[in-house]
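First up is the structure itself, then whatever we jot down about it.
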Protein chains: 2
Amino acid sequence: MSDLAIARSVKLQPIAAIAERLGVAADQLEPYGRYAAKLPLAFSAPESSRQGKLILVSAMTPTPAGEGKTTVTIGLTDALNRIGRQAVAVLREPSLGPVFGLKGGATGGGRSQVAPMDMINLHFTGDFAAVTAAHNLLAAIVDNALHQRRNPGGIDLTSVRWKRVLDTNDRALRQIIVGLGGRANGLPREAGFDITAASEVMAAMCLCDSLHHLKEKLGGIFVALTHDKQPLYARDFKANGAMAALLKDAIKPNLVQTLEGSPALIHLGPFANIAQGTNSIIATRTGLHLSEYVVTEAGFGFDLGGEKFLHIKCRTAGLSPAVVVVVATVRGLKYQGGAALETLSTPDMAALERGFGNLEKHLENVRQFGLEPVVAINRFTSDTAEEMAWIQARCAALHVAAAVSETWAHGGAGAEALAHEVLAAVGRSTSSWQPLYDLTDSIERKIETVATRVYGAGEVQWFPRARRDLRLIAELGLEQLPVCIAKTQKSFSDDPTRLGRPTGFTLTIREIEIAAGAGFVIPIAGDLVRMPGLPAVPASERIDIDAEGNIIGLS
Amino acid sequence: MSDLAIARSVKLQPIAAIAERLGVAADQLEPYGRYAAKLPLAFSAPESSRQGKLILVSAMTPTPAGEGKTTVTIGLTDALNRIGRQAVAVLREPSLGPVFGLKGGATGGGRSQVAPMDMINLHFTGDFAAVTAAHNLLAAIVDNALHQRRNPGGIDLTSVRWKRVLDTNDRALRQIIVGLGGRANGLPREAGFDITAASEVMAAMCLCDSLHHLKEKLGGIFVALTHDKQPLYARDFKANGAMAALLKDAIKPNLVQTLEGSPALIHLGPFANIAQGTNSIIATRTGLHLSEYVVTEAGFGFDLGGEKFLHIKCRTAGLSPAVVVVVATVRGLKYQGGAALETLSTPDMAALERGFGNLEKHLENVRQFGLEPVVAINRFTSDTAEEMAWIQARCAALHVAAAVSETWAHGGAGAEALAHEVLAAVGRSTSSWQPLYDLTDSIERKIETVATRVYGAGEVQWFPRARRDLRLIAELGLEQLPVCIAKTQKSFSDDPTRLGRPTGFTLTIREIEIAAGAGFVIPIAGDLVRMPGLPAVPASERIDIDAEGNIIGLS
């Protein structure tokens, strides 16, 4: 059965019944259809008395299909609820880019899914659309100011850094020229689109804790320089009030359910390679306020989503995970060991051994932050008992707890062993995470720290553009911001073909984007671009809808 | 009190109570928040036994602020309900472009509004975002096919006619070059964005009667030519299934309420100057199925929205209005008579007399279609009794019923006189509308017919590009389609400065866009562009949100 068929075979509970499990009354919900609702912001106040335990699900370096992090997150939540604890999953919203591109949706798989999967994967409650609209409103206002010659202080049009966004994988929009066709169409200049998941508005939403705070953050978006090299921010264009108005609903977290009826909060969705990779502080705090355990995930490997979850989100919000689950698969380890994608279902102990160094480095990274990892071996039907046993033995040798997770096939029942290991680790956990860099370090030092200590690089190379960006950051007084490095998810290095555990490599920083409103800078490593393209055969070719309105081919 | 303050002072009924007035049970609704819901498609089947009466609200040539058509539509609906009839308003959804640009929202004004006005004006239920996503998915698929050299039959990249859309007034995107930056970013080519209200996907949605029909229409979107001059449609790119999947909810009409508790269906929103200007056939049929009277509007003057409502929507759906309400204002007549915008509140009988010809021509146009007009004089506080009486006398001389409408100040109570005039006209109405052109006429003939008979042009001038487009339309076998002329709303002519009742002018057709999927062609008259720009001081500068989430400055 396909994920969609499984999802459809389950009778969902009315959303009010799910809310009741969290102690939220029906009249506090804003329903979106019968099975989803927005929660008010009231539950996300940082001073909330009740504080649940935070469990972060991260992963080894993933294969193109991913290691099943969302599936494990959902299954672990269901398992915790099955064994008598109270848990909520706190996830990111899917982007339409991967849904129609290569990777597919982001609602888990098999028996471990959040539902309604077609609704969540297609528009959901409109949050991505609101981010897109708010982001592009600022772009239109900036180009309008240029056109009307009404720009504050005289904008240098070659300095405009604010791009546009679309929630579509559309490589042709990466680098464009706008304003052609004569005076009536504005001023010609170089511009471009990123994907909405990389929008600074998305990041500001994820890192704010109230509407007031959001408006302030949006006002601080760095847009351009004047001819006199003075910075212009969104507030100088009087844009942030209208932008925040567009985000009035998107700021509220969305409540849905797992196929087993556990509550799940799904809110916003930055990617972890090109953005900070975790859901909103508001959703996480809401979960911690309403539930004993929050199981949340950060995108791609621990080098990307995990590092950013700690250095950016947890530092901003004053949060600390009690334990980090690192998802690994036999397939992923073999792939990191050099086995071809087509052969990953074939037993190959040599490739498994060669690839283990990748997982080992991720586990060392978790421990560098002062946190305790638990390995979740996400089992595929082709995996052998010998392969499973070998991984468990290797983890034991590292004194890392490990459990096989069979959530895809068995839902929460398939993650009970993992749940017990996680609870044991939570019980052992005594201290908070420790940052690897201080905010007072220079931007260069911060990047070098992450590159060498987390990625395993030997050195960092700076392109001339990156050097200029460093100077600008210093001139703008933004050196105290954390760094959100954009890097391929396919390797610890900036070269997607270097698998396993590369060491001593050179990490190249091409340029550094400034996200002063969100509250970080974005060093861009290697060739990475912040607008994906579609593959040769996009998933959209398989996606359809029948005359009764049933979606077909979504995965 | 501002419109927003008035809207907020009214206690709304739960949406289930509004649905009950239409005989729709609560479990047939998909709620969006507490005061809006989507209705199932079931009520829109054309074979529906019950058939209400259709009342079309149109207008004279509007001032930049509009003549209050939506306000009259809402007030008339409330009035019909007040005097014991059962009526529903069927409206278009607002676009974010005018909301943040010049014109403002589209939820009526004063005591005649649909609510919640902030929700409806900002994203509403996500329909515009879904249209944007579906439209741009096809664009990304087409550029991806070019990039992957996997294009069906070899696309001639200079022939690609499919643009992108955003629901933002953003002139800088009208004419752009995409695909710059080298091989990885696709192939460089000229491209552009229209506003979402002008999207062919929006039009296909408005003119379809089922999901199956929609998918078929989307498949028929003309995208480009091969090097061998063969047409390529969306279905050749296997795009229409995924596009329809994105539109699964947007195809369903939205139910809200007026401030007096009348039901209102609001669905989709093409502009009438650059698109066909009326809501969906699905929403209109749903209204006619569920209610005794449907009061609906078509955008801008009768020359634009009215003509298209009949020739495109009514012809496609087999509908006929029983009566056409033509909204006129003292201010609008003076403006058409040459009075400056700033002086419209000052009594000026001479300007009023000079401007009356504009209204007279619209009334003649209604009669050309075999329909009976009723004039609604939408009263502003500055209008004098003498001005009112003079207009009523002139209408009487033309044997046209007229009534003063004070819906802004008094809601439904201010439109009771108008409601009685409308009911009397419905009672007199015996026959259906008659088209001015046949579908078997050539495209040139159709354009000339509308230009000379509806606009009052002396002749039509064809730019070379338009001549080439006519040949292409013939080669594609699309000559049987109706025409959806894009023309300024500010004048009967294609020159926005020619007010009043211009005659004998030359209408220039610059080019003709092909909307084969929607089912019409779009001759573009004069300088009109299908992507508006922001004014010198955009409305967005006044729009804000307070810490409690209340929107400020929306109008």
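The values are calculated or read from the model by the stated rules, or taken from the named source; none is laboratory data. Quantities reported herein were computed from a predicted structural model and do not represent experimental measurements. Don't worry about glycine lacking a Cβ; one is built from the backbone with ideal geometry, like all the others, and counts go over all protein chains shown. These accessible areas exclude ligands, DNA and RNA; they are computed on the full protein's heavy atoms, side chains included. Shrake-Rupley method; radii C 1.70, N 1.55, O 1.52, S 1.80 Å.
Roughly how tilted is helix A:281-290, in degrees to the nearest 10 and between 0 and 90, from the longest Cα axis of chain A?
Taking the Cα atoms of chain A, the angle to A:281-290 is about 40 degrees.
At 1.4 Å probe size, with every protein chain present, just tell me what the per residue accessible area of the protein assembly as shown comes to in Å².
Value returned for the protein assembly as shown: 32 Å² of accessible area per residue.
For region A:156-225, report the % of Cα-Cα distances exceeding 17 Å.
55 percent
Which percent of the Cα-Cα distances in region B:443-525 go past 14 Å?
59 percent
Ballpark to the nearest 100 Å², how much total accessible area do B and A bury together, probe 1.4 Å?
5800 Å²
For helix A:416-428, what angle does its Cα long axis make with the longest principal axis of chain A, in degrees from 0 to 90 and rounded to 10?
70 degrees
Mind ranking A:Leu476, B:Leu157 by accessible surface for me, highest first, 1.4 Å probe?
B:Leu157, A:Leu476
Based solely on C-alpha atoms, express the radius of gyration and the Dmax of region B:402-555 in angstrom.
Spelled out, the Cα radius of gyration and Dmax of region B:402-555 are 21.3, 59 Å.
Please list, by residue number, every one of the GluC sites (Glu not before Pro) in region B:469-555 that is coil in DSSP and has at most 16 other beta-carbon atoms within 10 Å.
Details: sites: B:Glu475, B:Glu479, B:Glu511, B:Glu513, B:Glu541, B:Glu548; in loops: B:Glu479, B:Glu548.
Sites meeting the loop and neighbour criteria: B:Glu548.
Going toward the positive end of the dipole of the protein assembly as shown, with +1 on Lys and Arg Cβ and -1 on Asp and Glu Cβ, which of B:Leu122, B:Leu255, B:Leu481 do you reach last?
With unit charges placed on the Cβ atoms, the residue in question is B:Leu481.
For region A:467-518 and region A:399-450, what is the separation of their C-alpha centers, rounded to whole Å?
Result: 23 Å between the Cα centres.
For region A:130-253, taking Cα atoms only, what is the radius of gyration to one decimal and the Dmax to the nearest whole Å?
Gyration radius and largest Cα-Cα distance of region A:130-253: 14.4, 44 Å.
Find the centroid of the Cα atoms in region B:253-311 and in region A:240-255, then give the distance between the two in whole Å.
Computed from Cα coordinates, the inter-centre distance equals 28 Å.
Per-residue counts of other Cβ atoms within 10 Å, averaged by peptide: what ranking do you get for A:78-84, B:468-474, B:426-432, highest first?
So the peptides A:78-84, B:468-474, B:426-432, ranked by packing, come out A:78-84, B:468-474, B:426-432.
Over all directions, how big on average is the projection of the convex hull of the alpha-carbon atoms in the protein assembly as shown, in square nanometres? Don't skip to the end; give the middle numbers.
Details: hull surface 160.4 nm².
It is 40.1 nm².
What are the residues whose amide H is under 5 Å from the amide H of B:Glu513, where those residues sit 5 or more places off or on another chain and H is modelled from the backbone?
B:Ile522, B:Ile524
Would you mind giving the mean number of other chain beta-carbons within 10 Å of the Cβ of each residue in A:133-143, as a whole number?
If you average over the peptide's residues, the count of other-chain Cβ atoms is 6.
Using a 1.4 Å probe on the protein chains only, how many percent of the accessible area of the protein assembly as shown belongs to carbon and sulfur?
50 percent
Can you pull the percent of Cα pairs in chain B with separation above 40 Å?
Roughly 20 percent, once rounded to a whole number.
Give the angle, between 0 and 90 degrees and rounded to the nearest 10, that separates the Cα long axis of helix B:69-82 from the longest principal axis of the Cα atoms of chain B.
That helix lies at roughly 50 degrees to the long axis.
What translational D, rounded to a whole number of µm²/s, comes out for region B:447-492 from Stokes-Einstein when the hydrodynamic radius is the Kirkwood one over Cα pairs, at 20 °C and 1.002 mPa s? Numbers along the way, then the final one.
Numbers: Rh = 12.0 Å.
Translational diffusion coefficient: 179 µm²/s.
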